[in-house]
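First up is the structure itself, then whatever we jot down about it.
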Amino acid sequence: MYLAAIAVGIHGVIHFLGIGVYFELIEMADLPYKTTLLGGAVDVGDVGIRIFAVLTAVAGVGFVASAVALVTDWRYWRELLLAVTAFSLVLTTFDWTVASAGVLANLAILAGLFVMPRL
């Protein structure tokens, strides 16, 4: 359970990189600043990419909260993790070109939730 919580928490923290990059606070070679989503098909502009970054950070908060909920055995940790993972899957799919590993991580979390027996 602790290992799962650590993995979920790390996934959440990674979501915060979008704030740094898309608010032009940091530069990363693997996550360049851009204003497009869906593989460059949709240009959302500077404001749109910042809104996207905030939504990504919301998902990050949700993952960290899910990790805490899992460790503290909060009754609804599964529902919280399911909701935030579905939300994150949508976001990472929109930013597939740089977040493909996030898509895979989200799919792994979803698989774990559906395959694992109820704790």
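Yes/no per residue for (1) without any contact (Cβ under 8 Å) to a residue 12 or more places away in the chain; (2) touching a helix residue (DSSP H, G or I) at 6+ places or on another chain (Cβ under 7 Å); (3) assigned to a loop (DSSP other than H, G, I, E, B):
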position: L3; (1), (2), (3): yes, no, no
position: G20; (1), (2), (3): yes, no, no
position: I26; (1), (2), (3): yes, yes, yes
position: S66; (1), (2), (3): no, yes, no
position: E79; (1), (2), (3): yes, no, no
position: L82; (1), (2), (3): no, yes, no
position: L89; (1), (2), (3): no, yes, no
position: T92; (1), (2), (3): no, yes, no
position: V103; (1), (2), (3): no, yes, no
(request) Search region 105-118 for residues that are at pLDDT 90 or above and surrounded by 13 or more Cβ atoms within 10 Å (Cβ to Cβ) and pair each with any residue that is assigned to a helix (DSSP H, G or I) and basic (K, R) when their beta-carbon atoms are under 7 Å apart and the residues are at least 6 apart or on different chains. (result) L113/R78
(request) Just give me the residues in region 77-119 being more than 9 Å from the chain's Cα centre (by Cα) and among the hydroxyl-bearing types (S, T, Y), in sequence order. (result) T93, T97, S100
(request) Report, ordered by the first and then the second residue, all pairs with beta carbons closer than 7 Å, sequence separation of six or more or different chains, a first member in region 31-50 that is over 17 Å from S100 (Cα atoms), and a second member that is of a type in the set (S, T, N, Q) and in a loop (DSSP other than H, G, I, E, B). (result) D43/T35; V44/T35; G45/T35; D46/T35; G48/T35; I49/T35
(request) Output the residue which, of all residues in region 52-67 that are of a type in the set (V, I, T) and crowded, with 16+ Cβ neighbours inside 10 Å, is farthest from V8 (Cα to Cα). (result) T56
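The values are calculated or read from the model by the stated rules, or taken from the named source; none is laboratory data. Worth saying up front: this structure is predicted, and the values here are computed from it rather than measured. Note that each Cβ is placed from the backbone with ideal geometry, even for glycine, and that neighbours are counted across all protein chains shown.
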